[in-house]
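Please read the structure below before turning to the comments.
The values are calculated or read from the model by the stated rules, or taken from the named source; none is laboratory data. Just so you know, these numbers come straight off a predicted model, no measurement behind them. Backbone-built Cβ (ideal geometry, glycine too); neighbour counts: all protein chains shown. Accessible surface areas use protein heavy atoms only, side chains included; no ligands, DNA or RNA. Shrake-Rupley method; radii C 1.70, N 1.55, O 1.52, S 1.80 Å.
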Amino acid sequence: MTTLNQRTSALTAIVLNNLQHQHDWTALHPHTQPNLPRTLLYGLPPKRLYVHPDEQVEIIRAEKEMGNGGAGIPQEAELEWVLPLHLSEKWSPAQFAAVFDALDARPPRSREITKEEEERSPWLAYKGSRRGKRVLLATVQDDSTVTYYWMHDGLVKPRQN
Amino acid sequence: MISGSLSSFFVMYKTIQRSFFLTFFTDQCCFKMATSTSTPTHPPVRISLIAGRYLVFDIDAVMVLRRSFGLCGVLTGTMPQNPTQNLFLSMPQELRAEEARLVVDRGAGYVADEAGDHLRLLKEMSSGVGEKRREGYLRELREKRVAAKRLFDEEKEAVRRMHEGKRGKGKKKVQKVEEGGGGGDSLFETATAVQPAPEEALPAITPSTSNAMLDPAGTSGAIADENLPEPSAFYRELNKRGYFTTPGLRFGGGYSVYPSDPFKFHAHYLSSCYGWDEKIPMLDIVTSGRLGTAVKKSFMFGAEREEEEGGKKRGEGEVRMFCVEWAGM
């Protein structure tokens with residue numbers, strides 16, 4: 001008999017492996033907190049995974065002003081939260097709300113963005129003070145397929161895919 | 001022949017109405033929040049509850065709802081004999097039950113039990129209470145008959161002219177005979193004769209509407225608030241934040257949520273509303289998220305927080321919303 005704890009830790013292990021070996025994530029760490037229902041992960045994707053549409057507008061504006069021959073502003077990846085789930089699970093809005101309430105928008109060890117930096121380059125605020133709470137839902141199926149979906153806390157307008 | 005003229009009239013009406021919508025409804029990007037305490041500057045919006053559907057028949061009311069309350073409803077009107085299935089239908093506008101309730105709660109209008117009210121008003125007209133209303137109604141009926149007469153005459157005249165032209169082309173002899181009979185002059189005579197006709201000459205009509213019985217400033221037949229469906233906190237919150245919603249089935253959700261008037265914007269979210277402790281299968285979240293991304297939207301779901309004891313009552317709690325989109329990996 002496996003306990004619930006063992007099962008969720010197996011789930012965490014599958015997601016961690018998948019991120020590390022299939023998606024080349026680095027700096028992966030499990031994260032536990034007494035008010036969290038299970039162990040979450042946080043880590044660094046190989047390239048930036050999420051750019052808020054308003055941030056994109058800021059970046060394009062800044063690139064235009066710089067006008068250095070179409071060379072874009074390099075986009076450094078940032079640490080992201082990952083919530084491992086199994087496809088057979090059923091979560092209520094209350095449970096998702098509890099996860100978001102327990103988390104900071106920025107995972108531990110995220111690079112600090114100072115006020116001066118934000119003033120100098122407004123798009124950086126979306127990595128700092130203006131970053132909304134978001135979690136990468138990693139849904140595992142029995143055949144070990146893992147699908148990744150963003151979940152944002154609150155109303156966040158969609159990206160222009 | 002008559003139905004032909006009516007349908008062409010209808011098409012024309014729809015075209016006018018469409019351009020009218022586009023020019024007048026969209027000049028305001030965001031609707032201004034009308035607070036429930038502000039005194040309305042428009043007559044109360046009459047929402048007719050007919051066979052369980054909430055319908056608005058007055059174009060001015062439709063404009064008020066759209067401009068000031070962020071309600072676009074669904075236009076449902078079409079020709080029964082020639083139904084169209086495109087987006088550009090016409091009056092009446094159908095509202096969802098919660099939209100109707102919102103209008104009532106904001107003090108902008110009322111929901112009327114149309115069948116009951118209709119019978120009551122008719123009965124009153126035959127007693128002394130509704131004497132004035134009776135006169136107004138009869139006047140309105142007469143005006144309708146005059147209008148019908150004008151329409152018939154124009155139609156007749158157009159047909160006559162058409163046949164005359166045909167005959168003129170084919171056989172010159174017949175034309176000569178007609179000229180002798182003063183056919184050219186009679187054309188102008190009938191055109192002027194289209195003016196209001198004496199009572200006896202008016203056609204009999206079966207009135208299909210009875211709105212002349214209603215006082216536009218009144219709230220005849222209003223249903224009490226407590227007999228209207230419960231408001232959904234989720235929808236209320238969206239409306240409060242200035243979002244427009246339309247039925248969401250087209251994009252595979254409960255609502256399609258627009259950042260402003262749907263004439264100007266694409267929907268940002270397809271959304272569903274759940275209970276605070278309702279268990280959502282992960283597969284639903286994944287499929288909806290995937291579907292949303294496929295139509296360049298985000299899947300948004302929300303629920304009203306249910307307080308433990310002594311909390312706010314239903315419909316007034318905090319609404320939490322979450323957005324799901326494909327992560328691209």
What is the extension gain from A:SER92 to A:SER121, computed as 0.36 nm multiplied by their sequence separation minus the C-alpha to C-alpha distance, in nm to one decimal? 6.6 nm
Summing -39500 (n - 2.57) over every DSSP H run of at least 4 in chain A, dividing by its residue total and rounding to the nearest 500, the 222 nm mean residue ellipticity is -8500 deg cm²/dmol
Net +/- balance of residues flanking A:THR147 in space, Cβ distance below 14 Å, scoring K and R +1, D and E -1: -4
Between A:LEU79 and residues 5 or more places away or on another chain, the pairs with built amide H atoms under 5 Å apart involve A:ARG111
From highest to lowest solvent-accessible area (probe 1.4 Å; ligands, DNA and RNA excluded), A:HIS86, A:HIS21, B:HIS266, B:HIS163 read B:HIS266, A:HIS21, B:HIS163, A:HIS86
Once amide H atoms are placed 1.01 Å from N in the peptide plane, what residues at a sequence separation of 5 or more from B:VAL45, or on another chain, have their amide H within under 5 Å of its amide H? B:GLY109, B:TYR110
State which entries of A:LYS115/B:LYS297; A:LYS127/B:LYS264; B:LYS264/B:LYS296; A:LYS115/B:LYS240; A:LYS127/B:LYS240; A:LYS115/B:LYS296 exceed 24 angstrom in Cα-Cα distance in the structure shown. A:LYS115/B:LYS297; A:LYS127/B:LYS264; A:LYS115/B:LYS240; A:LYS127/B:LYS240; A:LYS115/B:LYS296
In Å, descending, principal axis extents of the Cα set of chain A: 63, 30, 27
With every protein chain in place, what's the accessible area of A:TRP150 (1.4 Å probe, Å², nearest 10)? 0 Å²
So what are the ³J(HN,Hα) numbers for the stretch A:55-61, from phi and the Karplus equation (6.51, -1.76, 1.60; θ = phi - 60°), rounded to whole Hz, Gly and Pro as x? 5, 4, 4, 4, 5, 4, 4
Around B:ILE50: net Lys/Arg minus Asp/Glu count, Cβ-Cβ under 11 Å: -3
Residue-count net charge about A:SER92 - beta-carbon cut-off 9 Å; Lys, Arg +1, Asp, Glu -1: 0
Which cross-chain or sequence-distant (5 or more) residues have an amide H under 5 Å from the amide H of B:GLY252, H modelled 1.01 Å from N in plane? none
Point-to-point label distance, A:THR145-A:ALA27, nm (Cα→Cβ direction, 7 Å offset): 3.2 nm
Once phi is turned into θ = phi - 60°, what whole-Hz ³J(HN,Hα) does the Karplus curve with 6.51, -1.76 and 1.60 give for every residue of the stretch B:61-77, x standing for Gly and Pro? 5, 4, 5, 4, 4, 6, 6, 9, 10, x, 10, 9, x, 9, 7, 10, x
Suppose every K and R has +1 on its Cβ and every D and E has -1 on its Cβ; what is the size of the dipole of the stretch B:212-329 about the Cα centre, in Debye to the nearest 20? 740 debye
Tell me, what HN-Hα J-couplings in whole Hz come from the Karplus equation 6.51 cos²θ - 1.76 cosθ + 1.60 at θ = phi - 60° for each residue of the stretch B:289-298, using x for Gly and Pro? x, 5, 4, x, 5, 5, 10, 6, 10, 10
The rounded separation in angstrom of the Cα centers of the stretch A:42-74 and the stretch A:120-159 is 16 Å
Put B:PHE234, B:PHE263 in order of accessible area, largest first, 1.4 Å probe: what do you get? B:PHE263, B:PHE234
